[in-house]
Structures are given as C-alpha cells and as structure tokens.
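**Q** My questions all concern the structure below.
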Amino acid sequence: MIQVKGLTKIFKKVEAVKNVSFTVEKGTVFGLLGENGAGKTTTLRILATMLKPTSGTASIDGTDLLVDPEEVRSKIGILFGGETGLYDRLTARENIKYFGLLNGMSKEEVSRRINELSDILDMQEYIDRRAGKFSKGMKQKVSIARSIVHNPEIMLFDEPTSGLDVTAVRMVHDFIKRLKDQGKTIIFSSHSMNEVEKLCDVVGVIHKGKIIEVSTVKNLREKYNNMELEDIFVELVGDKNV
Amino acid sequence: MFNKYTWIVLKKELTDIFRDKKTIITSILIPILVFPILAFVIGSSTDQFLGQNNNPVDMALISEEENKLEEFLKANDNVNIIEVENPQEALKELDIKVILKIDKGFDERIERGEAGNIEFIYDITSSRSDMAQSRLNGIIGEFSHSITLSKLEELGISSQILNPINIEKTILENQQADQGIGLMILSIILPLMLTVWSAVGGMAAATDLGVGEKERQTLEPLLTTKASRLSLLMGKYFAVVVAGILGTLAALTGFGIASEINPNFTGSGVTMPIQSIIAIGILCIGLALIFSALELTISFYARSFKEAQTYLSPMTIIVMIPAYFTMYLDGKEIPDLFLHIPIINTISIIKESIVGVFNIEHILIVAGWTIVYIGLALFFTVRMFNKESVIFRS
C-alpha cells in the first residue's frame, strides 16, 4: 500500500508538486494521468527516494520514505520510459545481475531469478550478449527485468511506453497486467488516456503539480455522463486552465 | 565507507572500464607508449646531431692569395672546402654551411705580430650552418693557439704563462662523475611524469563514471537501488583511483622501456633507496586520490560528456604549472613552504628522493597535508553527488 500525504516539491522558485495526497491500495494499479510537466515524474522520483520532498511525506508498505529510504528502495522497482539506459559494455545478464546485487540479493538468488526472467521475457537468445547493439524493445525488456529482479511488491512506471513501437508497447502492457495478476501494487504514469483506461483501476489526474481528481475509471465515467476519459481529462484540465 | 555495495560497484566499474577501448587507450596504452616514442625520437635526433658533428664542415673559402690558414684548413680532415661559383647562393641553398673570407695580407699581419682578419658568413636561421661556423671557429682556434705557442717559443717564454692556475675538481665520496647530468634529467622528468599521470590518469574513467552515467540514463535506476548514495559514490571513486594508479604504473613502465631504448633519456648512475621509492609511491597514490575526487566532482556537475571534457582538460595544465615551477628546484634545499602546497609538496619529496635525501619529517608533513586535501576533495564530491540540482541537471 502506498500513502502519499501532502507532498510538495519546490525547485528554486518553481513549485513542481503541490500538496499531493493519494492512497494506492495493495494490488491495485494507480494511473497518474497528466500532461508533460504536470509533476508525474517528480512525484515518482520522490516516491523512489531519488528526490527529497520540500514538505509532506509518503509511506510504502508502512515505511516512511523520510525515515528509512533504503528500506523503501528495497520494496520498490521503477521503470523509466524514453531512452532506456543500460551499460552497453555489459551483457544483459550482467546488467540485471548488477541491480540484483545492489538490491541486496545473493549471487545464487540473482542467478536463479535471471534465468526465470529470461524465460518470462523471452530473452534467452541475447541474455549473454553485450547490450550496446540491442534494439529499443530488447533494451526495454532488460530494463524491465532489471527493475523487478528483486521481486518488489511495489512497481513505479514512469511513462514506460514512451518512444516504443507497437510490439514493445504491447509487451509492456502485458507485463503490467501480469504484475497486477500477481497482486503487485503499481503506480503507472502516462499522458495517454487509452493506456490508463486499459490498465488502471484508479486514476489520479495531476495538473500543474496538483492532484485535481482521484477516482476509478467507472466512477469518473458516471460522474461525467459516460464521456470518454480523454474528454473528461480535457474538461478537468480545461477548467483549471481557465 | 567501504561496504559490500561499494565493492559491487567497484567490481562492475572496473569490468566496464577494462572493456572500454577508449579508456584503455588513453589511460594505459598512451602512457606506456609515449615515453619509448619520445626516447626513440630524442635518441634518433641526438644520433643525427652527433653524426653531423662527425662529418667534415662543408665550407667555401674566399681568399685572394695563398696563406697559412688556407694550407692548415686544406690539410684538416674536419674541413671540406668546396669550390662554388656563387658562395652566397650556395650558402642560401645550404650546399655549403659556412663561408670563410680571409683578408689580403693575413700572413704578413701575423708575422708583424698583429691580428689576422678573417670573416665567417653563415645562415643564423639554419642550425646546421650555425653549428658549422661554431665548429670552424674551434678548428681555427687550434690554428690560432699553435701560432701563439710558436710566438712564445720564439720569445723564449714558457707556454705555462697561458694557464697560471691549475684547477682540480673532486666530487664527494660515493658519487659518480657522470651522476650530475643523470640527476638533472631525472629530477626534471620524473616529478613531472609522476604527478601529471597520478593526477590525470583517472580522467577518462571519471568522465565515463560520472557524466557518462547521467548521459546514458543509467544513474536514475542506480539511485533507486537499496545501496546508499555514499556506497555508490565510493565504488565509483575507487574505480577512478584504480584507473589513475594504473595510468601512473603504465607511465612508469613506459619510462622503464624508454630507458632501455635510450639510456641517456633517463640519466644514468642514479639510485634511490627503497624507502624513498615507497614514500613516492604512497604520495602519488595520495595525488590520485585527491584528483580522482575532483575529477568525479566535475564530471557529475557537467551536463554532458563534452562539457565534462571542457572542464577537465585544463586540469593537465594546472598540474603541469607546479611541475614546471619546481623544475630546477634543488632536492637538497627544499623551502619549508613548499611542503604545504599541494602537488608542489609531492614533487619536493620526489626531488629529495632523487638526490638521496630521506627526510621522514618532510614525508610526514606532506602525507598529513595529502590526507587533508583528500578529505576536502571527497567532501566536495559527496556534496555534489547529493545535490539534486546537480544529479538531475540536464
């Protein structure tokens, strides 16, 4: 379970996240929906303890991120979108192993888990090849494996399909569904309404650093006379832009 | 400071570094090759220079009458008198290297006890012409001396009058006559080489491990692992230090090969006590520890690889300034102030060691300051790595 309470982040004079609060129940997929620059990445970076909040806090499965950031990090996995960063001179196996070891796993555990993930994500063919010449899709699979090698209970996805082709997008979607079926708690940030509608149980609309609506997709539809999510989003954001 | 996560990062970074051709070339291969190449080039040019010195001087002679100097030169194996139509043009083309003009009445003037007049015409912009006139000057000097001796003999005066003082030079015990030049060469080259490579040997690795990680977008996932930032940073830091030390060792290997190729390159007859070599080694590692921290700090601060290289390139010059400043510093007379200034203090200890001085007090002062400088440099590195505005600077 993730509980976010009054999270605020100010960079110099810019308030990137303003008093954000929401709760993600265990086993649900929470979609953080917002335009570019709305504050999605900053919120996820705070939850991943990469950034310190200016005020407010959050707890991950009962652990406050300000009190024990290392424990929080061991409970989460994070996958970034866009250009996926891998160590080009290391093999896919070495890339994943490095992150497993840095998450406190033993060598035997990591080795077992890599074989498991290699089967699940269909990476056997290139698991021992250096990552430098991988395609975007191959890189994204290795990144996924890297983010879940320690089998975290909570996953944070920061626009994970950004810049990917259709096949790779479908692979990421399938993977998220699989995690959901396993009962993992997920926050999924996106600016794509279709993705959020397809994958998320609960949607939080973020605009200019503020959460302006949190609801299930079904409730949102009911509230806005069965409008499409995209239209609801435009109406919500439009109101705030005026 | 050094936990299991630091070790994991260090091992990974070293694997990564040794798989990177660029880092291997700049940190290991270039230092190994640069000194032997330098020694070969210096050796070849010295041989060429000495070869020219052994050949007869190609010259033209302008004289309106027969004289004894002309006879002397024609009989001298070190002179090659060439007949040319236009000596000035031949000199311009360097077909001859020098023109000697002997004035009319040269022999008569000498007979009368006056100075005979001659003139050298040469090309000052040509080192070979300049060297030829210098050699001809020496050859004519011998002729001049023989005239002086015969005149003295005619007058019944001993030639001893020309050397009223006998000078005898004696060096201290346990010193070799040819040691001086060796010490001078070594005390100029060794401090420069050791300090520069200790300081910049890890530069390529620092760039890759700092801003390279940012640019590849691998830093963010790394920051979300269980490992603390300090553990991650220390792993990277020690990897840069190892690269720096390997760079220094590579330079020393190159230096050794260079001395085999050209023994004059490093200077002969210099021996250093083992404790001095150990002290130099430790202080150079200290320099590597200071500069690795600074390089990593700059690398993390930079937005891109290119920006990091722009910031880091002047560091080589910064290190060379104290090395050149102390180039002619006498290892037996190190000013106390020098023991407190970074880089200069390490150079001072190297200079002392080269001349056989092992001053434990000096070594401890420099070691103490080195620890302080390492602490300060690391303080800035840790601060920089913890600054959100730097890590997420793009």
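The values are calculated or read from the model by the stated rules, or taken from the named source; none is laboratory data. For clarity, every value in this text was computed on a predicted model and none was experimentally measured. In this analysis, Cβ positions are derived from the backbone assuming ideal geometry, glycine residues included, and neighbour counts consider all displayed protein chains.
**Q** Report every pair of residues separated by at least 6 positions or lying on different chains whose Cβ atoms are under 6 Å apart, first residue within region B:269-285 and not assigned by TED's automatic domain parsing to the domain that holds B:Ser198 and exposed (fewer than 14 other Cβ atoms within 10 Å of the Cβ), second modelled with pLDDT under 85 and β-branched (Val, Ile, Thr).
**A** none
**Q** For A:Lys18, indicate whether it is more than 9 Å from every other protein chain (Cβ to nearest Cβ) and modelled with pLDDT of 90 or more. Lay out the reasoning, then the answer.
**A** Working: more than 9 Å from every other protein chain (Cβ to nearest Cβ): yes; modelled with pLDDT of 90 or more: yes.
Spelling it out, A:Lys18 is indeed more than 9 Å from every other protein chain (Cβ to nearest Cβ) and modelled with pLDDT of 90 or more.
**Q** Return the residue satisfying two criteria in turn: it lies in region B:2-26 and is within 8 Å of another protein chain (Cβ to nearest Cβ) and part of a helix (DSSP H, G or I), and of such residues it is surrounded by the fewest Cβ atoms within 10 Å (Cβ to Cβ).
**A** In this case the residue turns out to be B:Thr15.
To keep it simple, each residue is scored yes or no on (1) surrounded by 23 or more Cβ atoms within 10 Å (Cβ to Cβ); (2) touching an Asp or Glu at 6+ places or on another chain (Cβ under 6 Å); (3) more than 11 Å from every other protein chain (Cβ to nearest Cβ); (4) aromatic (Phe, Trp, Tyr).
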{"residue": "A:Ser59", "(1), (2), (3), (4)": "no, no, yes, no"}
{"residue": "A:Gly62", "(1), (2), (3), (4)": "no, no, yes, no"}
{"residue": "A:Glu70", "(1), (2), (3), (4)": "no, no, no, no"}
{"residue": "A:Thr84", "(1), (2), (3), (4)": "yes, no, no, no"}
{"residue": "A:Tyr98", "(1), (2), (3), (4)": "yes, no, no, yes"}
{"residue": "A:Leu101", "(1), (2), (3), (4)": "yes, no, no, no"}
{"residue": "A:Gly104", "(1), (2), (3), (4)": "no, no, no, no"}
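**Q** Applying the selection to region B:32-76, what residues are among the charged types (D, E, K, R) and free of Cβ contacts under 8 Å to residues at least 24 places away in the same chain?
**A** Step one: of region B:32-76, the residues among the charged types (D, E, K, R) are B:47, B:58, B:64-66, B:68, B:70-71, B:74.
Those that are among the charged types (D, E, K, R) and free of Cβ contacts under 8 Å to residues at least 24 places away in the same chain: B:Asp47, B:Glu66, B:Glu71, B:Lys74.
**Q** Return only the number of the condition from (1) touching a residue at least 40 places away in the same chain (Cβ under 8 Å); (2) within 23 Å of A:Phe188 (Cβ to Cβ); (3) within 13 Å of chain B (Cβ to nearest Cβ) that A:Arg89 does not satisfy.
**A** (2)
**Q** Condition check: more than 10 Å from chain B (Cβ to nearest Cβ) and assigned to a helix (DSSP H, G or I). Does A:Val169 satisfy that?
**A** Details: more than 10 Å from chain B (Cβ to nearest Cβ): yes; assigned to a helix (DSSP H, G or I): yes.
So A:Val169 fits the description; yes.
**Q** Is it true that some residue in region A:72-80 is more than 10 Å from chain B (Cβ to nearest Cβ) and under 24 Å from B:Gly212 (Cα atoms)? Before you say what the answer is, go through the steps one by one.
**A** Keep residues of region A:72-80 that are more than 10 Å from chain B (Cβ to nearest Cβ), which gives none.
No, region A:72-80 has no match at all.
The rows are residues; the columns are (1) over 12 Å from B:Met59 (Cβ atoms); (2) of a type outside the set (A, V, I, L, M, F, W, C); (3) loosely packed, with under 11 Cβ neighbours inside 10 Å; (4) out of contact with any Phe, Trp or Tyr (no Cβ under 9 Å at 6 or more places or on another chain).
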site: B:Pro87; (1), (2), (3), (4): no, yes, no, yes
site: B:Leu91; (1), (2), (3), (4): no, no, no, no
site: B:Lys101; (1), (2), (3), (4): no, yes, no, no
site: B:Lys104; (1), (2), (3), (4): yes, yes, no, yes
site: B:Glu108; (1), (2), (3), (4): yes, yes, no, yes
site: B:Gly113; (1), (2), (3), (4): yes, yes, yes, yes
site: B:Ala132; (1), (2), (3), (4): no, no, no, no
site: B:Ile139; (1), (2), (3), (4): no, no, no, no
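**Q** Now, a different point. Restricting attention to region A:131-140, does a residue exist that is out of contact with any Gly (no Cβ under 7 Å at 6 or more places or on another chain), away from chain B (no Cβ under 11 Å), surrounded by 23 or more Cβ atoms within 10 Å (Cβ to Cβ) and at pLDDT below 90?
**A** yes
**Q** On to the next question. Picking from B:Leu339, B:Leu329, which residue would you name as being more than 29 Å from B:Leu232 (Cβ to Cβ) and assigned to a loop (DSSP other than H, G, I, E, B)?
**A** Values: B:Leu339 fails: assigned to a loop (DSSP other than H, G, I, E, B).
After ruling out the rest, the residue left standing is B:Leu329.
**Q** So, restricting to helices (runs of 4 or more DSSP H) that lie completely within region B:344-394, which ones have at least 1 residues that are out of contact with any Pro (no Cβ under 9 Å at 6 or more places or on another chain) and among the aromatic types (Phe, Trp, Tyr)? It would help to see each step written out before you state the result.
**A** Numbers: elements: B:344-354, B:360-386, B:388-391.
Of the helices (runs of 4 or more DSSP H) lying wholly inside region B:344-394, those with at least 1 residues that are out of contact with any Pro (no Cβ under 9 Å at 6 or more places or on another chain) and among the aromatic types (Phe, Trp, Tyr) span B:360-386.
**Q** Mind listing whichever residues of region A:17-72 are charged (D, E, K, R) and out of contact with any Gly (no Cβ under 8 Å at 6 or more places or on another chain)? Even if it seems obvious, please write down each step before you answer.
**A** Taking region A:17-72 as the starting set, the residues that turn out to be charged (D, E, K, R) are A:18, A:25-26, A:35, A:40, A:45, A:52, A:61, A:64, A:68, A:70-71.
Residues satisfying the conditions are A:Glu25, A:Glu35, A:Arg45, A:Lys52, A:Asp61, A:Asp64, A:Asp68, A:Glu70, A:Glu71.
**Q** Let me ask something else about it. As an exercise: evaluate B:Ile189 against (1) touching a helix residue (DSSP H, G or I) at 6+ places or on another chain (Cβ under 6 Å); (2) closer than 30 Å to B:Ser276 by Cα and give the number of the one condition it does not meet.
**A** (1)
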